[in-house]
1. Where residues in region B:327-338 are assigned to a strand (DSSP E or B) and either in contact with a helix residue (DSSP H, G or I) (Cβ under 9 Å, 6 or more places away or on another chain) or without any contact (Cβ under 8 Å) to a residue 60 or more places away in the chain (or both), which of them is surrounded by the fewest Cβ atoms within 10 Å (Cβ to Cβ)?
2. Counting only residues that are under 26 Å from the mean Cα position of the chain (by Cα) and either of a type in the set (Asp, Glu) or open to solvent by less than 30 Å² (accessible area, probe 1.4 Å) (or both), how many does region A:199-229 have?
3. Out of the residues in region A:312-326 meeting the condition of being within 7 Å of another protein chain (Cβ to nearest Cβ) and assigned to a strand (DSSP E or B), tell me which one is surrounded by the most Cβ atoms within 10 Å (Cβ to Cβ).
4. Would you point out the residue of region A:283-294, among those that are open to solvent by 30 Å² or more (accessible area, probe 1.4 Å) and of a type outside the set (Asp, Glu), that is farthest from A:Asp341 (Cα to Cα)?
5. When the residues of region B:67-87 are filtered to those that are assigned to a loop (DSSP other than H, G, I, E, B) and within 18 Å of B:Asp31 (Cα to Cα), which remaining residue is most open to solvent (accessible area, probe 1.4 Å)?
6. If the requirement is being more than 23 Å from the chain's Cα centre (by Cα) and free of Cβ contacts under 8 Å to residues at least 12 places away in the same chain, which of these qualifies: B:Glu350, B:Glu297, B:Glu245?
7. Which residue, of A:Phe244, A:Phe254, is in a helix (DSSP H, G or I), touching an Asp or Glu at 6+ places or on another chain (Cβ under 8 Å) and either at pLDDT 95 or above or more than 9 Å from chain B (Cβ to nearest Cβ) (or both)?
Protein chains: 2
Amino acid sequence: MNNNYCIIMAGGIGSRFWPLSTPSKPKQFLDVLGIGKSLLQMTFERLTSIAPPENIYIVTNVSYSNLVQEQLPEINRTQILTEPIRKNTAPCIAYASSKIFSINPDATLIIAPSDHLILNEKKFTNILEIAIRSAVNEDRLVTLGIKPTRPDTGYGYIEFEAGENQTGGQVRKVINFKEKPILETAQLFVDSGNYYWNSGIFVWKASTILNALKTFKPKLFQLFSAENNFYNTEKEQDAINKCFEFCEDISIDFAVMEKAQNVDVVLADFDWSDLGTWVSLYQYLEKDKKGNAVIGENIQLVNSKNCLINLSQNKQAIIEGLDNHIVVESDNMLLILSKNDEQNLKKYLENF
Amino acid sequence: MNNNYCIIMAGGIGSRFWPLSTPSKPKQFLDVLGIGKSLLQMTFERLTSIAPPENIYIVTNVSYSNLVQEQLPEINRTQILTEPIRKNTAPCIAYASSKIFSINPDATLIIAPSDHLILNEKKFTNILEIAIRSAVNEDRLVTLGIKPTRPDTGYGYIEFEAGENQTGGQVRKVINFKEKPILETAQLFVDSGNYYWNSGIFVWKASTILNALKTFKPKLFQLFSAENNFYNTEKEQDAINKCFEFCEDISIDFAVMEKAQNVDVVLADFDWSDLGTWVSLYQYLEKDKKGNAVIGENIQLVNSKNCLINLSQNKQAIIEGLDNHIVVESDNMLLILSKNDEQNLKKYLENF
């Protein structure tokens, strides 16, 4: 029996990728790279190197469960866990962990967001194996930290114990979690060498996280543990719907990670992005000599440079005279935006 | 009986208004001003001030006859004359003139393109009345010349006899028709005061133009006069289809106007544009303080100036950071083009 289980969190609405992402088809379901696979499909595929497909669970909002089944036809409907309402990551993890624990009390869980980009999959698998060893052998709550390549103010940071010679080498004890910093602070973090980006990827035994929840969020633990008799029966969804109605809206970081003492970070250096913005996606796209990243089959791009163009496949377009712009078209929506004005996209969206 | 008849020429394909105009719905059928009426509808309406609706005929390509009927439901199907193939203006005029002559030998014809813009409709009507007087009383071939407001190199020019005190005042004898000039020549034309833009609007008696055709293009005249017995019968379309197969592909300017001696121009100063380009349309659109002309209901235009935006009504758009651009979206097509690169649009279209 393979004890490795994955929980892919796929309930987000990803408004920042408008107009490609919409509440009815958010970011994780999109082929943002134009390679024929959605981010969810890439995440699933990547995790099959560490767990058998039947051990990979997708937690999503009830409104997306059909989309998940469509994009991952190889999984069983029972591997799709549906949340009736959005309640952040702690309830999601409490639910999935309790359920998997009821199936296999020796389960090790790899928790991963569905909408991030990870390159260097071999490195990724190696890092996960290190994380699993620490989680299994030493009952640790393990998080993956990414070596920062710039003082990004869009990411949280993990402060960890210094020193090459400590046990584990790549595995370090976490001192602190830091929310998104201002630029000056981010620069200090990067310069110090003891701060890595918080990837939101976690590894732990089901028993370890349930113990931690019992300690730090006993009510949340109780809600989902009381349902033990219902898991994997016809009554599961009804029971879970009630749990979500009553449970707290809180992230796993706040609920557990910032309080627990047995938290490790594995220092990773694979290419990673949370793809939080169009510009962050642009960095990972293939570009022509003039720095244009173009997704679309029938586009004439003329006298333009450093642009990100993403049009639906059947769109015939002439685009001339743009510099540093994002142009994205989807269904009834069109975005033309200077890259350096991207921080205002959310504000513009609120004006509709 | 009202002897005034209009012939609206509506067979063009207007490729320069891509992507709004397409071969399946060219410029004359579009509401390019965003006012709820197509150019054809505006042309028809304008001409009802000079001729009763039942005397207004539309000549169009067979592929557009349903579109004409749709846009002008008030006219009888028999008022739509269909050309089986595109053969320029002389055959179109020979056909319509012969047919109307067979209905009313005293008919006076006002020939007008369907896809031009004319403001100051009162002035337009007055000018037409002057033209009709000259055409009827003196058997003249009358053309409307527009006072040039700039040395436009996109228009043909009409050279006319100078002198305020000549007969007619506003009616002058034409000396010469000039093809689209280079800028220096256009400037000389404008400075001289004896050159007006050629509007392509003509006024003459049916008998006068048929006589002119008989003199200068006897074969063309013969073709369409031989069909006298078929006009206004069930056999008309078949007969006309054969005529078009055999007739010359030539403009009325080349066929008649440049050769005839009895040609007058009425000097007009209403606002007129052949709407040959997006930029020429832009000049006539209502603009905001920053010089943006926006057609579309749900568009946020930010940090942008001197733009022409034309999106379909249901399109939700954020457009930011553009200067002097044309942005037009329609169905599966998108155009983003610097205004000063518009002359290359045709070239880009050929690349598809």
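1. First, pick out the residues of region B:327-338 that are assigned to a strand (DSSP E or B): B:327-330, B:333-338.
Retained after the next criterion (residues that are either in contact with a helix residue (DSSP H, G or I) (Cβ under 9 Å, 6 or more places away or on another chain) or without any contact (Cβ under 8 Å) to a residue 60 or more places away in the chain (or both)): B:327-328, B:335-338.
Working: B:Val327: 25, B:Val328: 23, B:Leu335: 24, B:Ile336: 26, B:Leu337: 26, B:Ser338: 18.
It comes out as B:Ser338.
2. Result for region A:199-229: 15.
3. Filtering region A:312-326 for residues within 7 Å of another protein chain (Cβ to nearest Cβ) gives A:314-322, A:325.
After this cut, where a residue has to be assigned to a strand (DSSP E or B) as well, the list is A:316-320, A:325.
Values: A:Gln316: 19, A:Ala317: 23, A:Ile318: 24, A:Ile319: 26, A:Glu320: 20, A:His325: 24.
Applying the filter and picking the extreme gives A:Ile319.
4. Residues of region A:283-294 that are open to solvent by 30 Å² or more (accessible area, probe 1.4 Å), as a first pass: A:283-284, A:286-290, A:294.
Subsequent filtering for residues that are of a type outside the set (Asp, Glu) retains A:283-284, A:287, A:289-290, A:294.
Working: A:Gln283: 16, A:Tyr284: 19, A:Lys287: 21, A:Lys289: 24, A:Lys290: 20, A:Val294: 20 Å.
The qualifying residue farthest from A:Asp341 (Cα to Cα) is A:Lys289.
5. First, pick out the residues of region B:67-87 that are assigned to a loop (DSSP other than H, G, I, E, B): B:72-76, B:84-87.
In the following step, the residues that additionally are within 18 Å of B:Asp31 (Cα to Cα) were identified as B:72-73.
On the way: B:Leu72: 2, B:Pro73: 94 Å².
Top of the filtered list is B:Pro73.
6. On the way: B:Glu297 fails: free of Cβ contacts under 8 Å to residues at least 12 places away in the same chain; B:Glu245 fails: free of Cβ contacts under 8 Å to residues at least 12 places away in the same chain.
B:Glu350 is the lone residue from the list that is more than 23 Å from the chain's Cα centre (by Cα) and free of Cβ contacts under 8 Å to residues at least 12 places away in the same chain.
7. Values: A:Phe254 fails: touching an Asp or Glu at 6+ places or on another chain (Cβ under 8 Å).
On inspection, the qualifying residue turns out to be A:Phe244.
Residues are listed down the side, and each one gets a yes or a no for (1) assigned to a loop (DSSP other than H, G, I, E, B); (2) of a type in the set (S, T, N, Q):
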position: B:Cys6; (1), (2): no, no
position: B:Arg16; (1), (2): no, no
position: B:Gly34; (1), (2): yes, no
position: B:Lys37; (1), (2): yes, no
position: B:Met42; (1), (2): no, no
position: B:Arg46; (1), (2): no, no
position: B:Ile50; (1), (2): yes, no
position: B:Thr60; (1), (2): no, yes
position: B:Ser65; (1), (2): no, yes
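The values are calculated or read from the model by the stated rules, or taken from the named source; none is laboratory data. Computed from a predicted model, the values in this text were never measured in an experiment. When we count neighbours, we look across all protein chains shown, and the Cβ atoms used for this are built from the backbone with ideal geometry, even at glycine. Side chains are part of the model used for accessible areas, which takes the heavy atoms of the whole protein and leaves out ligands, DNA and RNA. Shrake-Rupley method; radii C 1.70, N 1.55, O 1.52, S 1.80 Å.
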